[in-house]
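Peer 1: First the structure, which I've put down as structure tokens, then a few questions once you've had a look.
The values are calculated or read from the model by the stated rules, or taken from the named source; none is laboratory data. Since the model is a prediction, treat every value here as computed from it, not as a measurement. Here the Cβ is made from the backbone with ideal geometry for all residues, glycine too, and neighbour counts use every protein chain on show. These area figures cover heavy atoms from the full protein model, side chains too; ligands, DNA and RNA do not enter into them. Shrake-Rupley method; radii C 1.70, N 1.55, O 1.52, S 1.80 Å.
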Amino acid sequence: MSVRTPDPYPGWLSDDDLREARNRLPMVYVEAVPVRLDPLGYVNEVGLLLQADDEGNMVRTLVSGRVLYRETIRGALLRHMEKDLGPLALPQLPVSPVPFTVAEYFPSPSQTGLTDERQHAVAMVYVVPVAGECTPRQDALELTWMSPEEVLSPGVQAEFAGGRGSLVRQALAYAGVGR
């Protein structure tokens, strides 16, 4: 049983073509750590998606998805924020498309600590404040808002798949949490 998000642009690549492309070259992704800010602009909540992996295990994850052919980074980021958090999330996209980090995923364990058994992927990762009402969509079962301290706890960090817990730790450090 696949819990993969259906491709909203099925003409882009067929499932077979996508599988073949993933076997031959890195895929470009955007990932976002949704946050809520206090009136002074400090992160007071982090939004984590809960979904089932291919084996049926519950895992925490981030907003994530491919950048499509001829799509801007900002366009891909907005599309995936709305796809995963709903049309009323009101994400506040960064002024510049410069990510806080670039994540490299490999199909087997590597020096990066990030894995994606399907492919070699390169993801530009952003911290994105959201101001609206978030409703998880597609393959996410729920969106949980947690304090930065909860997100950094060993129990929650253990719930991330593929090493994404390290990205959340980097995101919070980038946003000034824990300084």
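Peer 1: Anything in the stretch 143-165 that is closer than 21 Å to ASP84 by Cα and in a helix (DSSP H, G or I)? List them, or say none.
Peer 2: First, the residues of the stretch 143-165 that are closer than 21 Å to ASP84 by Cα: 143-148, 151, 156-157, 159-165.
Scanning the stretch 143-165 gives PRO148, VAL151, VAL156, GLN157, ARG164, GLY165.
Peer 1: Which residue is most open to solvent (accessible area, probe 1.4 Å), if the candidates are limited to the stretch 96-106 and must be of a type in the set (A, V, I, L, M, F, W, C) and without any contact (Cβ under 8 Å) to a residue 40 or more places away in the chain? Please lay out each step first, then the result.
Peer 2: Of all residues in the stretch 96-106, those of a type in the set (A, V, I, L, M, F, W, C) come to 98, 100, 102-103, 106.
Cutting the leftovers down to without any contact (Cβ under 8 Å) to a residue 40 or more places away in the chain gives us 98, 102, 106.
Numbers: VAL98: 102, VAL102: 81, PHE106: 50 Å².
For the stretch 96-106, the residue satisfying everything is VAL98.
Peer 1: Same structure, new question: Pull up the stretch 21-41, narrow it to residues that are modelled with pLDDT of 85 or more and farther than 21 Å from LEU90 by Cβ, then point me to the one that is nearest to the chain's Cα centre (by Cα). Write out each step before concluding.
Peer 2: As a first pass, look at the stretch 21-41 and keep what is modelled with pLDDT of 85 or more: 26-41.
In the following step, the residues that additionally are farther than 21 Å from LEU90 by Cβ were identified as 26-29.
Working: PRO26: 17, MET27: 14, VAL28: 13, TYR29: 9 Å.
Here the answer is TYR29.
Peer 1: Filter the stretch 21-50 down to the residues that are more than 18 Å from MET124 (Cβ to Cβ) and open to solvent by 40 Å² or more (accessible area, probe 1.4 Å) and list them by number.
Peer 2: ASN23, ARG24, ARG36, LEU37, ASP38, PRO39, LEU40, GLY41, TYR42, ASN44, GLU45
Peer 1: Okay, next question. Checking the condition of a type in the set (S, T, N, Q), modelled with pLDDT under 90 and over 20 Å from ARG70 (Cα atoms), which residue from SER14, SER2 passes? Spell out how you get there, then give the answer.
Peer 2: Details: SER14 fails: over 20 Å from ARG70 (Cα atoms).
The unique qualifying residue is SER2.
Peer 1: Shifting gears a bit: For PRO94, which of the numbered conditions (1) closer than 13 Å to VAL33 by Cα; (2) at pLDDT below 95; (3) within 13 Å of the chain's Cα centre (by Cα) fails to hold?
Peer 2: Here PRO94 meets the rest and fails (3).
Peer 1: Filter the stretch 35-81 down to residues that are assigned to a helix (DSSP H, G or I) and among the basic types (Lys, Arg) and give me whichever is farthest from PHE100 (Cα to Cα). Please lay out each step first, then the result.
Peer 2: Narrowing the stretch 35-81 to residues assigned to a helix (DSSP H, G or I): 73-81.
From the residues that got through so far, the ones that are among the basic types (Lys, Arg) too are 74, 79.
Values: ARG74: 14, ARG79: 19 Å.
Among them, the one singled out is ARG79.
Peer 1: Name every residue in the stretch 107-142 that is surrounded by 18 or more Cβ atoms within 10 Å (Cβ to Cβ) and not in a loop (DSSP other than H, G, I, E, B), in order of residue number.
Peer 2: Matches in the stretch 107-142: ALA121, ALA123, MET124, VAL125, TYR126, VAL127, VAL128, VAL130.
Peer 1: Using beta carbons and a limit of 7 Å, which pairs, at least six apart or on different chains, have the first residue in the stretch 11-35 and over 24 Å from ARG74 (Cβ atoms) and the second one of a type in the set (D, E, K, R) and not in a strand (DSSP E or B)?
Peer 2: Pairs found: ARG22/ARG118.
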